[in-house]
Amino acid sequence: MEIYKILVIGNSFGEDATHFLHDLALTRGINTKVVNLYIGGCSLERHWRNIENEAKDYEYQLNGRATGNKVSIQDALAEEKWDYIVTQQSSHDSGWLDTYEPFMGWIAEYIKKEAPWAKFMLQETWAYEVDSKHDCFARYHRDQDEMYQKLYEAYHLAADRNHTLIADVGKKFYELSDKVNLYADDGCHPNAKGSQIAAEIIAEVLMN
């Protein structure tokens with residue numbers, strides 16, 4: 001069976017969105033190796049600084065499970081010939097376009113140089129639940145509509161500028177948020193249903 005190799009340079013939203021991805025793909029007869037490089041709340045700027053410093057600061061998660069290993073982005077890139085490489089902005093910065101550049105562009109250039117065969121993708125994060133108590137929700141006036149509109153625009157502009165694929169996870173969350181309970185108790189991260197939906201969106205983009 002062909003194996004799709006997927007590397008996520010991520011944070012907790014990357015962790016949430018890929019937790020079920022390996023198992024979901026198996027139900028469709030597709031084998032995957034899904035690695036998420038995890039630092040909670042990690043921004044694009046910090047990802048770039050970690051590339052510059054070859055920082056072994058990432059928790060290595062394999063197929064939705066922690067391994068206890070710490071690695072750098074360079075370690076992960078050298079491990080496999082990845083088919084897909086995915087990243088995302090930190091959720092609290094997601095609606096502020098000035099936080100994406102120049103770091104997104106530098107990361108995209110670096111990935112294209114080090115793994116020119118890989119398809120590079122932005123995984124859109126999502127707006128917080130309408131009554132979320134997350135401190136950074138105040139940056140969006142505690143308005144889910146405002147947060148979604150700003151992050152959707154920022155992600156799509158960043159994807160267009162850098163010629164990357166995009167997985168519209170945030171759009172799906174926004175469309176379903178008043179119909180289905182997608183959020184954990186913190187009003188920020190998803191529950192199991194939300195994580196499953198995120199994995200489905202990513203699978204549709206990456207594996208068609």
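Within region 162-182, does at least one residue satisfy the condition of being of a type in the set (A, V, I, L, M, F, W, C), in contact with a Gly (Cβ under 8 Å, 6 or more places away or on another chain) and outside any helix (DSSP H, G or I)?
Yes, region 162-182 contains at least one residue that is of a type in the set (A, V, I, L, M, F, W, C), in contact with a Gly (Cβ under 8 Å, 6 or more places away or on another chain) and outside any helix (DSSP H, G or I).
Scanning region 127-142 for residues being of a type in the set (D, E, K, R) and open to solvent by less than 60 Å² (accessible area, probe 1.4 Å) gives a total of 1.
Residues that are crowded, with 17+ Cβ neighbours inside 10 Å, out of contact with any Pro (no Cβ under 8 Å at 6 or more places or on another chain), among the basic types (Lys, Arg) and over 18 Å from Leu7 (Cβ atoms) do not occur anywhere in region 159-166. Ala115 - would you say it is modelled with pLDDT of 95 or more, in contact with a Phe, Trp or Tyr (Cβ under 7 Å, 6 or more places away or on another chain) and either surrounded by 15 or more Cβ atoms within 10 Å (Cβ to Cβ) or of a type outside the set (Lys, Arg) (or both)? Yes.
Does Ile85 qualify as being under 18 Å from the mean Cα position of the chain (by Cα), in a strand (DSSP E or B) and in contact (Cβ under 8 Å) with a residue 40 or more places away in the chain? Answer is yes for this residue.
Name the residue, out of Ala159, Ala127, Ala203, that is of a type in the set (Gly, Ala, Ser), on the phi < 0 side of the Ramachandran plot, in contact (Cβ under 8 Å) with a residue 24 or more places away in the chain and not in a helix (DSSP H, G or I).
Going through Ala159, Ala127, Ala203 in turn, just one is of a type in the set (Gly, Ala, Ser), on the phi < 0 side of the Ramachandran plot, in contact (Cβ under 8 Å) with a residue 24 or more places away in the chain and not in a helix (DSSP H, G or I): Ala127.
From the list Glu124, Glu101, the lone residue that is open to solvent by 10 Å² or more (accessible area, probe 1.4 Å), under 30 Å from Glu79 (Cα atoms) and within 18 Å of the chain's Cα centre (by Cα) is Glu101.
The values are calculated or read from the model by the stated rules, or taken from the named source; none is laboratory data. All values derive from a computational prediction rather than experimental measurement. No Cβ is skipped: glycine too gets one built from the backbone with ideal geometry, and neighbour counts run over all protein chains shown. The area values use the complete protein model at the heavy-atom level, side chains included, leaving out ligands, DNA and RNA. Shrake-Rupley method; radii C 1.70, N 1.55, O 1.52, S 1.80 Å.
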